[in-house]
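Asks: Sharing a structure, written as structure tokens. Questions coming.
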There are 4 protein chains.
Amino acid sequence: MPGFKDRLAGVFAPVVTPFSNEQLDLEALRTVLRRLSATGLTGFLALGSNGEFKSLSEPEERRVLEVFAQERHDKLVMVGTGCESAHQTLGKIAQAKDLGFGLVSVLTPHYFAKRMTDKAIETFYLGIAERSPLPIVLYNAPGYAGGVAISATCLSRLATHGSIAGIKDSSATGPGAYLAALDGETDFAVLAGSTNFFYPSLHLGAVGGVLSTANYLPEACVQLHGLFRDGRFDEATRLHHRLARVNQVIVGSYGVAGVKAAMELMGYPAGAPRLPLTALSGPERAIIESALHQEGFGGG
Amino acid sequence: MPGFKDRLAGVFAPVVTPFSNEQLDLEALRTVLRRLSATGLTGFLALGSNGEFKSLSEPEERRVLEVFAQERHDKLVMVGTGCESAHQTLGKIAQAKDLGFGLVSVLTPHYFAKRMTDKAIETFYLGIAERSPLPIVLYNAPGYAGGVAISATCLSRLATHGSIAGIKDSSATGPGAYLAALDGETDFAVLAGSTNFFYPSLHLGAVGGVLSTANYLPEACVQLHGLFRDGRFDEATRLHHRLARVNQVIVGSYGVAGVKAAMELMGYPAGAPRLPLTALSGPERAIIESALHQEGFGGG
Amino acid sequence: MPGFKDRLAGVFAPVVTPFSNEQLDLEALRTVLRRLSATGLTGFLALGSNGEFKSLSEPEERRVLEVFAQERHDKLVMVGTGCESAHQTLGKIAQAKDLGFGLVSVLTPHYFAKRMTDKAIETFYLGIAERSPLPIVLYNAPGYAGGVAISATCLSRLATHGSIAGIKDSSATGPGAYLAALDGETDFAVLAGSTNFFYPSLHLGAVGGVLSTANYLPEACVQLHGLFRDGRFDEATRLHHRLARVNQVIVGSYGVAGVKAAMELMGYPAGAPRLPLTALSGPERAIIESALHQEGFGGG
Amino acid sequence: MPGFKDRLAGVFAPVVTPFSNEQLDLEALRTVLRRLSATGLTGFLALGSNGEFKSLSEPEERRVLEVFAQERHDKLVMVGTGCESAHQTLGKIAQAKDLGFGLVSVLTPHYFAKRMTDKAIETFYLGIAERSPLPIVLYNAPGYAGGVAISATCLSRLATHGSIAGIKDSSATGPGAYLAALDGETDFAVLAGSTNFFYPSLHLGAVGGVLSTANYLPEACVQLHGLFRDGRFDEATRLHHRLARVNQVIVGSYGVAGVKAAMELMGYPAGAPRLPLTALSGPERAIIESALHQEGFGGG
């Protein structure tokens, strides 16, 4: 069986969860997944930040996962299972396994942010890794997690555990420090969690990315990865800058509501976000449409 | 019926959730509630931050509330129901009502911290207040909520809604800006969320506090409130400083694990916290014991 | 000779530095000082944050101090001397002494914020206190100092040094933790650095305040201190809330430029700030005028 | 005359300022500059953060610059002139010109951090650029500047000014957003301010770096730039990781004191830092020595 680095190479879409009048719209989700399955994406992240997983009840999470189980096609599905406690997280990993999934991601706990020392984070992840029936991708996202971050030192210690497959890094800095610290580490997959640093991270050893842009521009993201693999760096840099500018407008200014609006513009029925997020206004959608056109994406 | 300011006056304990080997220990919770019910506390906060509510599964939350429903005695119970989405929160408020409770608190949503503008926070709370069958206490806790805070301007607008009973403030600054902005507002209860500023906040118009110290020193907290009411300010200041110093050691250094250790030292079976929190070491417990003794608490 | 607590009791104005077309306007400063000298203020802070001390060249700082030396009347002048290095700071303290001043304040160094551990801060202040010919008031202002703060533990150790007279606290939280930690400490003066918590801090043992509001409402600030001393707490609370609301509009929204605009409205020739700060627009000044009138200050 | 991008291409050392017993040691500085002049560095940054410029009095700054004027050899010297006010900064730029220098850098003002909006930063820099007799390199360093940062939008507007030559970026994220926003901008030089992202930034269009590692490993930094230019990317990545790991230990753990210790180990008389910074202990120096050896630098 190929190693983690090979299996996780490429681009993942952190798939959004469509809502309609505050209710789950699972048919829309099904359509989104079918369309994304026809692209060159490596896989999907179910119940990630872009999936508004924190805004779902536990029964709703399960219903979302059931749709992913039916609509995964040939894609690798990584299931977000991170909760504040190890106990809850292990429950969600068990559920993912029951539904037939083979890989999970686990966000750092962060409600007790001041207590989340390197030692606490290491203990938490090892406690899970020891008991998990599925391999785990660590998820570092200090912007969502009240500033809590996995340090490079902590990562070095966790990376040697056989059940820890890799890390998705959505910090502001990107995974450069991880890649330097891991130097020579075998079969640990580093995934960039933002278009801002996906391409330069590939030069440092990252194997792929989990990119919100892949929800609305999946083929462009896949193309960027291919240009890197082929050593066509000048073209890659130009495509990177185009995607980075689009990403800056959409996610930088509007977050998940922006991603959903961009998907609608590109023909994906992403629906509205759930309160406390609100759908974009008409003028805001026009800004996104303009940004996509200006960079040569989308449009008729 | 008395107004919110009268009903919420005094001291609430944000009751901890005892665990044993990572499992809920509901018998220990029952014992804690019985002992706290014999004090002069005004009420309990169930499923608050000190209750590690974020570390519980949804079925576990319900089991905890069932114990509170049986062991509330004459105390007013405020049920923590804050989730990331309005939809989830309304579900938990409905559950609280079903179990016979009459008051809930709702933490600010914060996973999408960058999007939590004043406008988003106002829309979120009004969306809930319009539909809630129970009065709501807002919960402002930027230290837990990735820096998200309810501004004084936003509070002024929310405070006039008939279903919004008050606010519990656990910011670093205390509720001074709220109390200045509310000046003259009728029947909106401001509760201090920390022993650090409980007493000085009373001088500015707060009616009470939700104090982690009330988990292990309930009578001292009640006494401080009484000294203020009686105008015995010199004695109040001295007692305040004693409690503030103890609180600094216990919560400032150790958080919820420190509160649980202090409760055990004072005879309450608070048990261990759940991972990612860990129980204190022997030397850490000795520091807490020494701090309590040094200020004349506990012992004997 | 009376102790530090007695000498520093009351209200200090952190006097602004008037500019005209980016140049020092020392005649305007002279007029401001003469008017403020006719009030019940205890003293002045020269070259504080409100004085834009960081925006002055070293020769300009000296020229400002020379005006203070001439226009101090019966007021106690505290001279801001805090620089990034102990070496520079000692040079500025020597200059203050040469000009006849008897008290200095020293802001925490903060350019190398990540290195400013408790130990580094303690070593810095002790290194200065050992060599300073004048008593020192510590200045804690994390909002200006990139988050660097003097901890309560560190303060406890510094407070026993004979050359350290007190602390001015301009943190967001106010000096409650210092006052709890100092309990019983003899002759160490705690000054509140913000109107937001000046009055409640008096209840905890602070002896006075250095208040930007004292630049434009000196008598109201002095009156608030008097009401506290006389035990007229209900009146004090009402006046506190009025000042806190005015302060929120002026400093909370506009900073030093707001203070200067408010002074102009109250008849003090405070002039404009220096770039990168800019003078308020007409509509912004109208908001300030309205806030002052609404609370019954200024006007007519 | 070649454009800014050509003139600023390559590696700059942000030269440290040696102290001995808290006093300037200008002979040591002279020796450091002579040794660094014999390397392939493009130039020096005088009076930068590594030069502890904030810890120097104005006369000391001048004395340091006089040594740079004498010991510049064939190197391009960029003089740090950033102060809190435009007025002071222009005075320092005039001084740099008087001493014969041709390029300055200007850090963002930050004491009034809350007021430093995009608009304020733009007004500040344009006010200087209009009056400056020398071209300016913007200096973005939120870690030193209390979180104040130049946004990509703001940079886009400033980059078109003829007197603004480029930007040195020492943020945590690196200059990726700037390079995306500048796409196609002619003759504006982007310099990476950290070894952490120097190499990947070259792939995005940066022309060079101002690297603290260049103080003690100048030739390795120059070599990394050369490998990039020659398209030898695999070797470059390996060298990058070695430098990044060394940098993480030295600057990440110890800051300027670490840089000075590393220089001493490599034979440069860098001396001690000035209080509030303190020289490393023996065990700390051993950690640095070990890190250098482990990566194959120094020693032997």
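Rule-based calculations on the coordinates, nothing more; no lab input. Note that the structure is a prediction, hence the values are computed from the model and not measured. Cβ coordinates were reconstructed from backbone atoms using ideal geometry, including for glycine residues, and neighbour counts include every protein chain displayed.
Asks: Under a point-charge model restricted to the Cβ atoms of Lys and Arg (+1) and Asp and Glu (-1), what is the dipole moment magnitude of the protein assembly as shown relative to its Cα centre, in debye to the nearest 20?
Replies: The dipole of the protein assembly as shown has a size of about 0 debye.
Asks: Please report, to two decimal places, log10 I(q)/I(0) for the range C:125-205 at q = 0.18, 0.27 Å⁻¹ as given by the Debye formula with identical point scatterers on the Cα atoms and no solvent.
Replies: -0.71, -1.41
Asks: Continuing with this model, one more query. For every other residue with a beta carbon closer than 13 angstrom to the beta carbon of A:A220, add +1 if it is Lys or Arg and -1 if Asp or Glu, then tell me the sum.
Replies: Working: positive: A:R238, A:R242, A:R245; negative: A:E219, A:E235, A:E295.
Within the 13 Å Cβ shell, the charges total 0.
Asks: How large is the direction-averaged shadow of the alpha-carbon convex hull of the range D:37-88, in nm²? Kindly include the intermediate steps, with their values, before the conclusion.
Replies: Details: hull surface 16.2 nm².
For the Cα atoms of the range D:37-88, the hull's average projected area reads 4.0 nm².
Asks: If amide hydrogens are placed 1.01 Å from N in the peptide plane, which non-local residues have theirs closer than 5 Å to the one on B:V11?
Replies: B:T42, B:G43, B:G209
Asks: Put a point 7 Å out from Cα along the line to Cβ at C:K119; what are the distances to that point in the other copies, in nm, shortest first?
Replies: Computed spacing set for this position: 1.7, 4.6, 4.9 nm.
Asks: Between B:V246, B:A261, B:P200, whose Cα lies farthest towards the positive end of the dipole of chain B when Lys and Arg beta carbons carry +1 and Asp and Glu beta carbons carry -1, centred on the Cα centre?
Replies: Result: B:P200, furthest along the dipole toward the positive end.
Asks: For the rotation taking chain A to chain C, which residue of A has the Cβ nearest the axis, and how many Å away is it?
Replies: That would be A:G147, 6, residue then distance in Å.
Asks: May I ask for the net charge around D:R62, where only other residues with Cβ less than 14 Å from the Cβ of D:R62 are counted and Lys, Arg are +1 while Asp, Glu are -1?
Replies: -3
Asks: Here's another thing I want to ask about it. What is the distance in Å between the Cα centres of the range D:125-141 and the range A:237-285?
Replies: For the range D:125-141 versus the range A:237-285, the Cα centre distance is 35 Å.
Asks: Cβ under 10 Å from C:V79's Cβ, C:V79 left aside: what net charge do those residues give with Lys, Arg +1 and Asp, Glu -1?
Replies: Summing Lys/Arg as +1 and Asp/Glu as -1 gives +1.
Asks: Restricting to the protein assembly as shown, what percent of DSSP beta bridges are antiparallel, rounded to 5?
Replies: Among the beta bridges of the protein assembly as shown, antiparallel pairing accounts for roughly 10 percent.
Asks: Going by how many other beta carbons lie within 10 Å of each one, how would you line up A:E61, C:E289, B:E130, fewest first?
Replies: Result, fewest neighbours first: B:E130, C:E289, A:E61.
Asks: Mind checking the mean number of beta-carbon atoms from other chains within 10 Å of the Cβ atoms in D:46-56?
Replies: 3
Asks: Where does chain C land on the Kirkwood hydrodynamic radius, alpha-carbon pairs, in angstrom?
Replies: 19.2 Å
Asks: If you put a point 7 Å past Cα along the Cβ direction, how far is that point for C:A286 from the same point in each other copy, in nm, smallest first?
Replies: The projected label point of C:A286 is separated from its counterparts by 2.8, 6.9, 7.1 nm.
Asks: Can I ask one more? For the range A:38-149, give the magnitude of the charge dipole about the Cα centre (Cβ charges: +1 Lys/Arg, -1 Asp/Glu; no others), in debye to the nearest 20.
Replies: Charge dipole of the range A:38-149: 200 debye, to the nearest 20.
Asks: While we're here: For B:V77, what residues show an amide H to amide H distance below 5 Å, using hydrogens built from the backbone and excluding near sequence neighbours?
Replies: The list, which skips near neighbours in sequence, is B:F44, B:G102.
Asks: Among A:Q223, A:H87, A:P2, whose Cα sits farthest toward the positive end of the charge dipole of chain A (+1 at Cβ of Lys/Arg, -1 at Cβ of Asp/Glu, about the Cα centre)?
Replies: Comparing the listed Cα positions along the dipole, A:H87 ranks first.
Asks: Sort B:H240, A:H161 so that the residue with the fewest other Cβ atoms within 10 Å of its own Cβ comes first and the one with the most comes last.
Replies: Lowest to highest Cβ neighbour count: A:H161, B:H240.
Asks: Still on this model: How big, in percent, is the set of alpha carbon pairs in the range D:105-150 lying more than 12 Å apart? Don't jump to the answer; show the numbers that get you there.
Replies: Working: 602 of 1035 pairs.
Of all Cα-Cα distances in the range D:105-150, 58 percent exceed 12 Å.
Asks: Rg to Rh ratio, the protein assembly as shown, alpha-carbon atoms and Kirkwood radius?
Replies: 0.95
Asks: Ratio of alpha-carbon Rg to the 2.2 N^0.38 Å globular estimate for the range A:19-174, to two decimals, please. Intermediate values should be presented prior to the final figure.
Replies: Working: Rg = 15.6 Å, N = 156, 2.2 N^0.38 = 15.0 Å.
Rg over 2.2 N^0.38 Å, computed on Cα atoms: 1.04.
Asks: Can you run phi through the Karplus equation (6.51, -1.76, 1.60; θ = phi - 60°) for the range A:289-294 and list ³J(HN,Hα) in whole Hz, with x for Gly and Pro?
Replies: 4, 5, 5, 5, 5, 4
Asks: Set Lys and Arg Cβ to +1 and Asp and Glu Cβ to -1, take the dipole of the range A:71-181 about its Cα centre, and tell me which of A:F101, A:C154, A:A113 lies farthest positive.
Replies: Looking along the dipole axis, the top candidate is A:A113.
Asks: Percent relative contact order of the range A:20-89, based on C-alpha pairs within less than 8 angstrom and at least six residues apart? All intermediate terms of the calculation are to be shown ahead of the outcome.
Replies: Values: 49 pairs, mean separation 30.2, N = 70.
Once divided by the residue count of the range A:20-89, the mean separation gives 43 percent.
Asks: Quick one: what are the phi-derived ³J(HN,Hα) couplings along the range C:213-221, Karplus 6.51/-1.76/1.60 with θ = phi - 60°, whole Hz, x for glycine and proline?
Replies: Going residue by residue, I get 4, 5, 6, 10, 10, x, 5, 5, 5 Hz, with x marking Gly and Pro.
Asks: Picking from D:S49, D:S20, D:S194, which is most flexible by a Gaussian network model of chain D using Cα springs under 10 Å?
Replies: D:S20
Asks: On the Cα set of the range D:256-300, report Rg and Dmax in Å, please.
Replies: For the range D:256-300, the Cα radius of gyration and maximum Cα-Cα distance read 10.4, 33 Å.
Asks: Moving on to the next point. Residues of A:253-262, mean number of Cβ from any other protein chain within 10 Å of their own Cβ, rounded to a whole number?
Replies: 1
Asks: Ranked highest first by the average count of other Cβ atoms within 10 Å around their residues, in what order do C:246-259, D:109-122 fall?
Replies: Working: C:246-259: 22.0, D:109-122: 19.6.
Top to bottom by mean Cβ count within 10 Å: C:246-259, D:109-122.
Asks: In addition: Considering only lysines 8 or more places apart in sequence, or on different chains, count the pairs in chain D whose C-alpha atoms sit under 22 Å apart.
Replies: Pairs that pass both the separation and distance tests number 16.
Asks: Between the label point of C:G3 and that of the same position in each other copy, find the distances and list them shortest first in nm, with every label point placed 7 Å from Cα along the Cα-to-C-beta direction.
Replies: 4.4, 6.9, 7.0
Asks: How high is the relative contact order of the range C:181-260, in percent, counting Cα pairs under 8 Å that sit 6 or more residues apart?
Replies: This gives 26 percent for the range C:181-260.
Asks: Let me ask another. Which whole number gives the average count of other chain Cβ atoms within 10 Å of the Cβ atoms across peptide D:198-206?
Replies: 4
Asks: Further question: List the extent of the Cα atoms of the range B:173-269 along each of their three principal axes, largest first, rounded to whole Å.
Replies: Principal extents (Cα only, largest first): 43, 25, 19 Å.
Asks: Now for a different question. Using Cβ counts within 10 Å as a stand-in for footprinting exposure, how do D:L243, C:L239 rank, fewest first?
Replies: Fewest-to-most Cβ neighbours within 10 Å comes out as C:L239, D:L243.
Asks: Also, quick follow-up: Which shape class applies to the range C:195-238: rounded if a/c is under 1.5, otherwise prolate when a/b exceeds b/c and oblate if not, where a ≥ b ≥ c are the square roots of the Cα gyration tensor eigenvalues?
Replies: On the way: a/c = 1.87, a/b = 1.31, b/c = 1.44.
Cα axes put the range C:195-238 in the oblate bin.
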